[in-house]
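Engineer: I am attaching a structure below and will ask some questions about it afterwards.
The values are calculated or read from the model by the stated rules, or taken from the named source; none is laboratory data. Predicted model only: the values in this text are computed from it and were never measured. Reconstructed Cβ throughout: ideal geometry from the backbone, glycine too, with neighbour counts over all protein chains shown.
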Amino acid sequence: MHELALMEELHHIALAAAAAQGANRIHAVKLRVGRLSGVDPDALAFAFEVVMAGGISKGARLELEVVPTVCRCGGCGQRFEPVDVVFACPCCGELSADVLRGRELEVTGLEVS
């Protein structure tokens with residue numbers, strides 16, 4: 001379960017950011033997670049609860065934005081959300097390798113005081 005390792009690293013980042021701001025409490029962490037990132041949002045939320053259970057992060061909340069997969073068709077240029085693991089354009093049927101969104105794994109905010 002690599003989600004636990006991700007949350008441990010996020011905890012280190014949050015603690016460092018809080019210390020740099022002179023904060024003594026972490027209230028919230030905001031993350032964007034793409035459907036293609038290889039991260040399970042439920043496992044990530046569980047790992048967050050475990051890792052953030054003590055110290056200045058106790059009681060912190062996770063604000064998780066799950067980013068859908070969006071592709072662009074090389075044939076007709078249509079942007080679309082694939083319905084399964086085959087990224088076929090719903091307009092012309094051509095397969096797409098151009099993924100515009102869905103691979104994100106980024107911290108977008110940290111609320112401290």
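Engineer: I'd like to verify a number: residues in the stretch 51-64 that are surrounded by 14 or more Cβ atoms within 10 Å (Cβ to Cβ), within 22 Å of residue 2 (Cα to Cα) and not polar (S, T, N, Q), how many?
Structural biologist: The total comes to 6.
Engineer: Looking at the stretch 1-27, which of the residues that are among the small types (Gly, Ala, Ser) and surrounded by 14 or more Cβ atoms within 10 Å (Cβ to Cβ) is farthest from residue 59 (Cα to Cα)?
Structural biologist: 17
Engineer: Search the stretch 70-86 for residues being surrounded by 12 or more Cβ atoms within 10 Å (Cβ to Cβ) and under 21 Å from the mean Cα position of the chain (by Cα), and hand back the single one that is farthest from residue 37 (Cα to Cα).
Structural biologist: Within the stretch 70-86, the match that is farthest from residue 37 (Cα to Cα) is 80.
Engineer: Continuing with this model, one more query. Exactly one condition in (1) under 30 Å from residue 113 (Cα atoms); (2) out of contact with any helix residue (DSSP H, G or I) (no Cβ under 8 Å at 6 or more places or on another chain); (3) touching a residue at least 12 places away in the same chain (Cβ under 8 Å); (4) surrounded by fewer than 18 Cβ atoms within 10 Å (Cβ to Cβ) is false for residue 34; which is it?
Structural biologist: Every condition holds for residue 34 apart from (4).
Engineer: Condition (residue is free of Cβ contacts under 8 Å to residues at least 60 places away in the same chain and either within 24 Å of residue 23 (Cα to Cα) or touching a helix residue (DSSP H, G or I) at 6+ places or on another chain (Cβ under 6 Å) (or both)) applied to the stretch 66-78: is it met by at least one residue?
Structural biologist: yes
Engineer: Quick one: which residue in 96, 57 is of a type in the set (Gly, Ala, Ser), under 17 Å from residue 111 (Cβ atoms) and either at pLDDT below 95 or in contact with a helix residue (DSSP H, G or I) (Cβ under 8 Å, 6 or more places away or on another chain) (or both)?
Structural biologist: After applying the criteria, what remains is 57.
Engineer: Go through (1) under 18 Å from residue 111 (Cβ atoms); (2) within 15 Å of the chain's Cα centre (by Cα); (3) crowded, with 16+ Cβ neighbours inside 10 Å one by one and return the number of the condition residue 67 breaks.
Structural biologist: (1)
Engineer: Moving on to the next point. Which one of the conditions (1) in contact with a helix residue (DSSP H, G or I) (Cβ under 9 Å, 6 or more places away or on another chain); (2) not in a helix (DSSP H, G or I) does residue 86 fail to meet, given that it meets all the rest?
Structural biologist: Result: residue 86 passes all but (1).
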